[in-house]
Every structure is written in C-alpha cells, then in structure tokens.
Amino acid sequence: MDNKYLAQLLFPDVTKTPEEIEAMYPERDLAEGVAVSRHAPSPTGFVHLGNVVQSLISERLCHQSGGILYLRIEDTDSKREVKGATESLINMLAYYGIKFDEGVTLDGDKGAYGPYTQSKRRDIYRVYAKKMVEDGNAYPCFCTKEELEAIREEQEKEKVSYGYYGKWAVWRDRPIEDIEAALKAGKPWVLRLRSTGSIENKFKYNDLIKGEINVTENDVDFVIIKSDGIPPYHFAHPIDDHLMHTTHVVRGDEWLATLPLHLQLHKLLGFKPPKYAHIGALMKMDGSSKRKLSTRKDPELGLAFYKSQGYPRDSVREYVMTVLNSNFEDWRRANPDADIDEFKFSVKKLNPAGSLFDLGKLMDISKNVISKMTAEQVYEYTAEWANEFDKDFYDVFTADPDFSKAVLAIGRGGNKPRKDFGLWSEVKGYMGFMFDKYFSLECNYDEKFDRDSIKTVLEKFVESYDDGDEQQVWFDKIKAIASSIGYAADMKEYKANPDAFKGSVADVSMFLRLAVTGKLNSPDMYSVMKILGRDRVNERIKAMEERL
Ligand code: GLU
C-alpha cells in the first residue's frame, strides 16, 4: 500500500506538516525540573469534587516548582457537552482558589500555546492524523454500527475480549481499491490506529501515585479520528500535551486502562510522554464498607453542593489537603495561621487506592476555619452566600451591617474562639433570634421549674436591667435575683450541697436566656443583651412573662 497516496486521499485538505505545527509551539523557557501541568476537564455541566482535587494537585506540582498551570477544555465529545458548562467550570475553579497561569478564561485564551479548547484544534489534530497514515500507523475503517455490533456478538459467542483487533480488524489490511470505492460511495469512516502491540508483551510503568504498575501492551486498533473529523480524547491528549509541553498529567485512574494506548501513541508520534499521576476514586463510608462516591447517589460529589450549602471555600481547600496528604493536619496544628500554600505538598503521599471523604470531618475543619476569621470576614462571606441562596435572610442580615457584625464578633478572637457554625447557611440559625423577624421560642422551660419562680426572675430582671452596666455588675444583679428566690448564687456552693437550693444561678440565667433568645444555647448573654438594647430585651422578657 502506498501510504502517502492513502494519506492524501483521506486528508486532501491538510497541507501543513507536523514540523510546521511544532514551530508554532516552541519549548518553554523554564528551568530543569519545573513542572508544567494542566487541568483538562470536559464541559459536561457537572463540576465535581474531583475537579478541585485534580486541579489542586496539578496546581501544587506546578506552583511549588515555579512552573505553569493551564486550563484546557476538552470538548471533543459534543454529545456530552452542555451549554454554559465551560463558564461554570471556570467560575467554580476560581471560586475554590485554583489559579491558572494560562489557558481558557472568561475573556478568551491567555497564553502562547493555544487554542486551549480542543474543538478549536481540529486542524492541528488532522495534521498528525495524516502523518499517522503516511507512516503506516493508521488506516480508515468503514464499518457501520451494525457491523461493529455483529463483531461484538461474535466475540461474545467466542468468549474473547471485545474490540477491533487481530482478525476482527476487518479494514486493517483491505486493498486500496476497496477504500477508494467506499470513499467514492460517500461512506462515513473513522481513522484507526494500526496497533503493533501484543497482549503477550508486558512491561513495568512507574506512576507518580500508583508506584510501579504492570502494564500490558495495547493490541486494539482504537479510533483516533471520529467520523466527524474530530479525535477522541486518546488522540487529542498526546498531541495537546506534547505541543503545550506538559510535563505532568494528573488525571483520574479510570484512564489507567488506556494508558498503554496513550504510551503507544506518544511513541508512534515521536513524542516524549509526560509523567502520569493517576488518582484513585474519591470514596465514602456506606455503613461499614467503603464505596466510590457516585454522581447518582451522592450530592456531595458535586461542587455546587458545597457552594449552595455554604461551605467556606477555604474549608474545602483545607479539607482536600487533609485528605490528600496525611501529614497536612500535623503541619496545620504546628502552623495554625500559615498560608496553606506554605505546606510542602507531596504527590507521593496520596493514597493510591483513593481517598476517603467524610463530611463530618469537613465540618470540623470548617468550624475551625471560620472560628479564625474576623467578624468582618464572616459577615462578608455570609452576605455573599445569602445573596445567592437565601435572599430573605440577606435582606435582614445586611439591613444594619454594624449590628450583624457586632453579633458575629461575640466570642471571636482570643485563643479559644467559639466554633458554633461551619457553614454560611448556619449563620441564620446561629443568630437569627437577634432579628425580630426570626425570633421564636424554640424550646420551653423544663417542668421541674415552678412557673412562679421563673416569673419572679423575669420581673425582677426587667426592673433592675440597665444596659449601661458592666458585665460584673450585670451578673451580680442576676446572682442577687437567684438568692432572693432560694436559688444558689454561687455554683460551688450549689455543687457542694444541691439539695439546699431550689436551683442555681445557672438556671436563673437559663430562664433569661430562653426569654431573650428563644433557645437554651446562645452566644454570651451579656453581649447579646447589650447589642439587642434595653427595649428589645425588656419587650421579649415581658412577652415571656405573659406566656407563663
Ligand atoms: N477530559 C478528561 C476528563 O475529563 C481529562 C483527562 C486528563 O486530564 O487527561 O476526564
């Protein structure tokens, strides 16, 4: 077969040579050992946790070594593409703080190695496809869907593996006349790799995460250009990563099965393959067993979940790091205030079998992250979240920013800050009672307290409350009220001899707390009352008296 003739027959429109393309993508001017990596998602409309995990690993590899991270959009599968998906991907990755140096942005491409969207690279792929034919490494296949199905059925009967290989590769050695006739008849065709591999041949490969793995050569004549003239991932990947000078590919381990094909294609195209890091699936505990997080069953796989629930972006980042590198938590304990990027991330520490995700743990981290923020920051983030997800609360919360910030400042700062909430969506539950609109009685007094004592406490408090009082004066007044109704003013005395009292000053405080906040737990009462102001405090206490 005259390969040059066949290549011209199949790709008459392709006039450029690989050398001309290569000249457009010169070597990057970077020092030895510097990583260039990319995040290369497909715009399917679903941005998942894996996107943050993968891009964060790539980001650390690049930025820790002084290298380049770029964003490439892999949209060669038009059936899976969803309108607006690229924009939401870009926005979501930016929201989680992944900083790209190059690639697709909302304002078009940035960088000298584009276009960074695969559908815009059709002509480039076809230059290499033509070369593959010229070199005898690819051939056209005119099989219809029905013919491929028949092959599959036959393979099922013979109990051999599926695929287009060996004797099943029916167009592999067809004479040129058959190809010409099929082209003339206008039959659709795909371009297939002429695989030279054999499943008898095994070799060892060193994956950055999996370590040394055993690989079997590929013997399948995979499609490298589809009937629409566009390559599938398998062919676009080596070409793009070669031209864009990627040194590290971080991707899901669902691609391990086709790693032999990718290595084979790099070789046939004359490219040096990048280093691969295949990440295990994200897992969760389901009862007592581990399973993969699933798009269908687990909303927490989608990044939109974290955003809408109000997980702070910093918590998600901290949590992902905790999961990826087991020494991160110790580092964080030793460096509580350090920037997360100062942590020395290591790809070698990743669990090859996949990382376990646990929303409970994320919540603990999140409470910790929020507890270290200033009231101002908590206010800004909560307002940003509520503006998108809880408009009603947003209006109330932002009507008087100083008021809201004052409430958020209670118990903040110092070396033992409160850890009341881990989500922006929990702020409403935490401090909603401060606004008359959301104030309600969430609990009631325990039956064991006689109603007259409670009433007396409430009455006496209103009589004596002065919002100009210092905290100690305020509390001394509460103690005095406690003593006046036979409750212990001193907790030590009470604990030593509980039967001598009807209750304690803690109970008396609780009577007031419930009346003022509607809850049994609340931020510091002295501060709450001061911020609410005398009139509102007295109003609520009187309303409670009337209810009793
Ligand atoms: N588009 C592929 C995916 O979304 C990218 C895999 C890779 O990073 O090479 O899985």
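Bear in mind that the values in this text are calculations on the coordinates, not laboratory data. Here the structure is a predicted model, which means the values were calculated and not measured. Using ideal geometry, Cβ is built from the backbone for each residue, glycine included, and neighbour counts are taken over all protein chains shown.
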Return the residues of segment 289-319 that are among the aliphatic types (A, V, I, L, M) and farther than 16 Å from W424 by Cα; say none if nothing qualifies.
L293, L301
Segment 261-279: number of residues that are within 15 Å of the ligand (Cβ to nearest atom) and either surrounded by fewer than 17 Cβ atoms within 10 Å (Cβ to Cβ) or outside any loop (DSSP other than H, G, I, E, B) (or both)
11
Whether any residue in segment 340-361 is assigned to a helix (DSSP H, G or I) and either among the hydroxyl-bearing types (S, T, Y) or under 14 Å from the mean Cα position of the chain (by Cα) (or both) is what I want to check.
yes
Run down F11, F46 and say which single residue is touching a residue at least 40 places away in the same chain (Cβ under 8 Å), within 12 Å of the ligand (Cβ to nearest atom) and of a type in the set (F, W, Y).
F46
Is there any pair with a first residue in segment 103-122 that is under 15 Å from H245 (Cβ atoms) and in contact (Cβ under 8 Å) with a residue 40 or more places away in the chain and a second that is of a type in the set (A, V, I, L, M) and not in a loop (DSSP other than H, G, I, E, B) whose Cβ atoms are under 7 Å apart and which are 6 or more apart or on different chains, and what are they?
G103/L71; Y113/L243; Y116/L71; Y116/I73; Y116/V104
When N387 is evaluated against the numbered criteria (1) over 29 Å from the mean Cα position of the chain (by Cα); (2) without any contact (Cβ under 8 Å) to a residue 12 or more places away in the chain, which criterion, by number, is the only one it fails?
(1)
Scan segment 81-101 and tell me whether some residue there is within 12 Å of the ligand (Cβ to nearest atom) and touching a Ser or Thr at 6+ places or on another chain (Cβ under 8 Å).
yes
Helices (runs of 4 or more DSSP H) enclosed by segment 284-338 - at least 1 residues per element that are more than 26 Å from V47 (Cβ to Cβ)
328-334
For segment 240-253, give me each residue that is away from the ligand (no atom under 12 Å from the Cβ) and part of a helix (DSSP H, G or I).
H242, L243
Just checking, does segment 34-56 include any residue being surrounded by fewer than 17 Cβ atoms within 10 Å (Cβ to Cβ), of a type in the set (G, A, S) and either farther than 25 Å from S346 by Cα or in contact with a Ser or Thr (Cβ under 6 Å, 6 or more places away or on another chain) (or both)?
yes
Taking the condition of being assigned to a helix (DSSP H, G or I) and either among the small types (G, A, S) or touching a strand residue (DSSP E or B) at 6+ places or on another chain (Cβ under 8 Å) (or both), how many residues in segment 464-480 meet it?
2
Condition test on K4, is it in contact (Cβ under 8 Å) with a residue 12 or more places away in the chain and part of a helix (DSSP H, G or I)?
yes
V473 being over 18 Å from F449 (Cα atoms), among the aliphatic types (A, V, I, L, M) and buried (at least 16 other Cβ atoms within 10 Å of the Cβ):
no
